[in-house]
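The values are calculated or read from the model by the stated rules, or taken from the named source; none is laboratory data. A quick note: this is a predicted structure, and the numbers were derived from the prediction, not measured. Cβ atoms come from the backbone with ideal geometry, glycine included; neighbour counts cover every protein chain shown. Calculation scope for accessible area: heavy atoms of the full protein, side chains included, ligands and nucleic acids excluded. Shrake-Rupley method; radii C 1.70, N 1.55, O 1.52, S 1.80 Å.
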Amino acid sequence: MKYDLTVTIDKASGFCFGVVYAIDMAEDILDHEDYLYCLGDIVHNDEEVKRLTDKGLRIIDHEQLQGLKKEKVLIRAHGEAPSTYQLALENELTLIDASCPVVLKLQNRIKNSHDDDEQILIFGKHGHAEVVGLQGQTDGKAIVFQDLAELDHVDLPSKFTLYSQTTKSTDKFYQIKDELISRGYDIKANDTICRQVSNRYTDLEKFVVNYDKIIFVSGKKSSNGKVLYDVCKKYNDNSYFISNIEEIDFNWFSPKDKVGICGATSTPMWLMEEVKAFLQNH
């Protein structure tokens with residue numbers, strides 16, 4: 001059966017500048033050297049990670065980092081805790097620091113708050129690389145929570161400072177802030193959500209309503225991928241989450257459907273182009 005689909009890629013989708021910066025740095029080095037170590041997945045997208053590991057990128061974790069000596073190691077856009085930089089000094093490692101400027105600014109603000117003896121709460125995903133780096137600025141003393149319900153069993157001080165992981169939902173951040181204020185807490189709230197991410201909510205709302213079906217392309221580990229997919233689903237119920245072309249089910253489509261393709265800030269444009277070509281050839 002020929003579906004004859006009309007397929008359009010959202011021009012606002014694709015890598016954010018932080019990811020572009022990190023990947024450009026990695027590729028520049030791999031153009032001249034056989035390999036480069038990277039601390040954690042350079043981007044939360046398995047297809048892009050595979051493309052770069054095929055070029056010589058070697059993904060390592062913090063345990064493996066401890067055994068490295070006198071090597072080059074890329075710090076990805078998510079940033080790192082101070083302990084990583086200390087270890088690099090001890091092991092004579094050359095750090096290629098591709099930390100996103102937005103994340104670095106947030107790390108600095110959190111460190112200043114911690115130095116001022118403020119109790120810090122971070123709205124973020126437990127164990128996420130960026131959040132681990134942020135918590136590291138506070139010697140692990142910041143309270144991280146993904147949902148307000150987690151704070152029900154925490155003995156919070158009457159006054160604290162609230163921050164957010166850069167890729168969280170702006171709406172949810174302000175709901176949390178308002179709810180905590182209504183419970184009587186004295187809060188200094190810092191909206192530290194990256195506008196390159198939050199602006200995509202509005203862009204997606206406008207994009208997805210124009211199509212019969214939406215294919216949202218993202219790695220399953222991507223935090224902003226989950227948030228942005230929820231936006232798609234909210235404004236177009238016929239939205240489907242995939243990580244690669246193998247996950248496409250043609251039962252989703254009717255002949256002559258108009259299909260929109262969009263993705264996370266960690267989704268490469270080449271992957272969305274691949275999805276488009278695959279759909280048009282069926």
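In segment 261-270, is there at least one residue being closer than 22 Å to Asp41 by Cβ and of a type in the set (Val, Ile, Thr)?
Scanning segment 261-270 turns up at least one residue that is closer than 22 Å to Asp41 by Cβ and of a type in the set (Val, Ile, Thr).
How many residues does segment 128-157 hold that are within 19 Å of the chain's Cα centre (by Cα) and open to solvent by 10 Å² or more (accessible area, probe 1.4 Å)?
Number satisfying all stated conditions: 8.
Return the only residue of Val144, Val73, Val131 being touching a strand residue (DSSP E or B) at 6+ places or on another chain (Cβ under 8 Å), over 14 Å from Thr166 (Cα atoms) and at pLDDT 95 or above.
Val73
Out of everything in segment 25-50 that is within 20 Å of Asn224 (Cβ to Cβ) and part of a helix (DSSP H, G or I), what residue ends up being most open to solvent (accessible area, probe 1.4 Å)?
Asp46
Looking only at segment 253-269, decide whether some residue is over 22 Å from Met1 (Cα atoms) and either among the basic types (Lys, Arg) or out of contact with any helix residue (DSSP H, G or I) (no Cβ under 8 Å at 6 or more places or on another chain) (or both).
Going residue by residue through segment 253-269, those that are over 22 Å from Met1 (Cα atoms) are 262-269.
In the following step, the residues that additionally are either among the basic types (Lys, Arg) or out of contact with any helix residue (DSSP H, G or I) (no Cβ under 8 Å at 6 or more places or on another chain) (or both) were identified as 269.
Within segment 253-269 (the criterion being over 22 Å from Met1 (Cα atoms) and either among the basic types (Lys, Arg) or out of contact with any helix residue (DSSP H, G or I) (no Cβ under 8 Å at 6 or more places or on another chain) (or both)), the answer is yes, since at least one residue qualifies.
Does Tyr163 satisfy the criteria of being among the aromatic types (Phe, Trp, Tyr) and open to solvent by less than 60 Å² (accessible area, probe 1.4 Å)?
So Tyr163 passes the test.
Of everything in segment 56-70 that's within 18 Å of Ile29 (Cα to Cα) and open to solvent by 90 Å² or more (accessible area, probe 1.4 Å), which residue is farthest from the chain's Cα centre (by Cα)?
The residue in question is Lys70.
Considering only residues of segment 112-122 that are part of a helix (DSSP H, G or I) and open to solvent by 50 Å² or more (accessible area, probe 1.4 Å), which is nearest to Thr166 (Cα to Cα)?
Asn112
Residue check: is Arg109 among the charged types (D, E, K, R), assigned to a helix (DSSP H, G or I) and either open to solvent by 70 Å² or more (accessible area, probe 1.4 Å) or under 26 Å from Ser218 (Cβ atoms) (or both)?
Numbers: among the charged types (D, E, K, R): yes; assigned to a helix (DSSP H, G or I): yes; either open to solvent by 70 Å² or more (accessible area, probe 1.4 Å) or under 26 Å from Ser218 (Cβ atoms) (or both): yes.
Judged against the criteria, Arg109 is a match.
Scan segment 195-203 and tell me whether some residue there is open to solvent by 60 Å² or more (accessible area, probe 1.4 Å) and among the aromatic types (Phe, Trp, Tyr).
no
Of the residues that make up segment 75-95, is at least one among the hydroxyl-bearing types (Ser, Thr, Tyr) and part of a strand (DSSP E or B)?
Yes, the conditions are met somewhere in segment 75-95.
Just one of Lys226, Lys221 is without any contact (Cβ under 8 Å) to a residue 24 or more places away in the chain and buried (at least 16 other Cβ atoms within 10 Å of the Cβ); which is it? Walk me through how you get there before you give the answer.
On the way: Lys221 fails: without any contact (Cβ under 8 Å) to a residue 24 or more places away in the chain.
Just a single option satisfies the conditions, and that option is Lys226.
With the structure loaded, tell me whether Lys125 is touching a residue at least 40 places away in the same chain (Cβ under 8 Å), open to solvent by 50 Å² or more (accessible area, probe 1.4 Å) and in contact with a strand residue (DSSP E or B) (Cβ under 9 Å, 6 or more places away or on another chain) or whether it fails that test.
yes
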